[in-house]
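The values are calculated or read from the model by the stated rules, or taken from the named source; none is laboratory data. Just so we're clear, the structure is a prediction, and the values are computed from it rather than from any experiment. Note that each Cβ is placed from the backbone with ideal geometry, even for glycine, and that neighbours are counted across all protein chains shown. All accessible areas refer to the heavy atoms of the entire protein, side chains included, with ligands and DNA or RNA removed. Shrake-Rupley method; radii C 1.70, N 1.55, O 1.52, S 1.80 Å.
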Amino acid sequence: MKAIQMSGPGGSEVLKYNNVQDPVPGIGEVLIQLKAIGVNYMDIYIRSGVYPIPSLPLIPGSEGAGEVLEVGDDVSGFKQGDLVAYTGVPQSYAEKIVCPAWKLIKIPTGLDVNTAAAVMLQGITAQYLCKSTYPLGSGDTCLIHASAGGVGLLLTQMAKSLGATVIGTVSTEEKGNIARSAGADYIINYKTHDFQKEVESISDGKGIQVVYDSVGLDTFDKSINCLATRGYMVLYGQSSGLVPPISPMLLNSKSLFLTRPTLTSYIDNRAELENRAGEVLNAVNDGTLKVRIHNKLPLADAAIAHDQLEGRLTTGKLLLVP
Ligand code: NDP
């Protein structure tokens, strides 16, 4: 089969479109013909070496959707022809993948595979951030950085549906309009404006309950300063670079909470995965959660997809099509 492979960390040029051996399902595993593959910022951290590379050569990617081709021994609940989606399974930039059956979710009738692939990783992330990490309520104001991004647009909609006031940051006017149409109450261009000052003004100097920060290095310090007493700093990514070590005393003056959550910890068992994925896929299927697919590119063009995502040129989801 064809797959994207990298033999070491580097720029997008390390992503090569190669012939590789077809995977074979083992016990408890399912072979899937992929129809859509999700591109995520995490793929860039792995490609560039920000996150450790498990082994080389590596097929990147961890999200996709497609059709079941074959089931291994001891698999129940799935059969040939089922349409399924998953997140958290390595080696996804390929025509076929072998997945542990417990990580697969059947795509609800009526939902197309592209949309299902687009929402597994970013949608479940948005869901756990606003329902579990800091459960938002109607009296809360949250700051969502990169609010026109893949996670950002989904988190903005979910935060609004929970009754929170949403302040979103973006780098361009066009992104601001897109985040506003997802429900953001206030938009700040953090390239041209000091977002901390804007948040102080919006909150009448009181500060806000939670910051969902995926930008990291460029925003961390000011994000902390935006918080009200006992506020939550939810650092869930670092698209601008890693945040250096900090002293716990930074949290002391306002009794703040700091967490660095990761999706794996919120879907590490079947029941939790089913609950979160079910909620997200059903919301998309009934139209209450809108998924914006920025672009679909051929699998061979994975490097172009990475350049677009890293270059801040996307709003919403990027998909690769084998
Ligand atoms: P996005 O679609 O949000 O793309 C990243 C966005 O970050 C850009 O569009 C850009 O928006 C903003 N950004 C700010 N500074 C930079 C910079 N220096 N370089 C590049 N982009 C920058 O990506 P995803 O939705 O895939 O992921 C968003 C974040 O969420 C990532 O940090 C990712 O790692 C994290 N994440 C964390 C998870 C977890 O469980 N912890 C799970 C999923 C994602 P703008 O131009 O408007 O500033």
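Worth pointing out:
- Looking at region 123-236, the helices (runs of 4 or more DSSP H) lying wholly inside it that each contain 3 or more residues that are out of contact with any helix residue (DSSP H, G or I) (no Cβ under 6 Å at 6 or more places or on another chain) and without any contact (Cβ under 8 Å) to a residue 60 or more places away in the chain sit at 173-181, 195-202, 220-225.
- Scanning region 240-258 for residues that are aromatic (Phe, Trp, Tyr), open to solvent by 20 Å² or more (accessible area, probe 1.4 Å) and either in contact with a Leu (Cβ under 9 Å, 6 or more places away or on another chain) or over 30 Å from LYS103 (Cβ atoms) (or both) turns up at least one hit.
- Hits in region 68-105 - residues which are under 20 Å from VAL280 (Cα atoms) and charged (D, E, K, R): ASP82, LYS103
- Residues in region 19-33 that are surrounded by fewer than 15 Cβ atoms within 10 Å (Cβ to Cβ) and either touching a His at 6+ places or on another chain (Cβ under 9 Å) or closer than 14 Å to ILE59 by Cβ (or both): ASN19, GLN21, ASP22.
- Considered as a group, the residues in region 295-322 that are near the ligand (Cβ under 9 Å from one of its atoms), of a type outside the set (Gly, Ala, Ser) and under 24 Å from GLY10 (Cβ atoms) include one that is surrounded by the fewest Cβ atoms within 10 Å (Cβ to Cβ), and that residue is LEU313.
- Sole residue being within 16 Å of the ligand (Cβ to nearest atom) and not assigned by TED's automatic domain parsing to the domain that holds GLU272, chosen from ASP204, ASP213: ASP213
- Restricting region 280-294 to residues that are within 16 Å of the ligand (Cβ to nearest atom) and not aliphatic (A, V, I, L, M), the residue that is surrounded by the fewest Cβ atoms within 10 Å (Cβ to Cβ): LYS290
- Selected residue (criterion: most open to solvent (accessible area, probe 1.4 Å)) from residues of region 34-52 that are of a type in the set (A, V, I, L, M) and closer than 18 Å to THR87 by Cα: MET42
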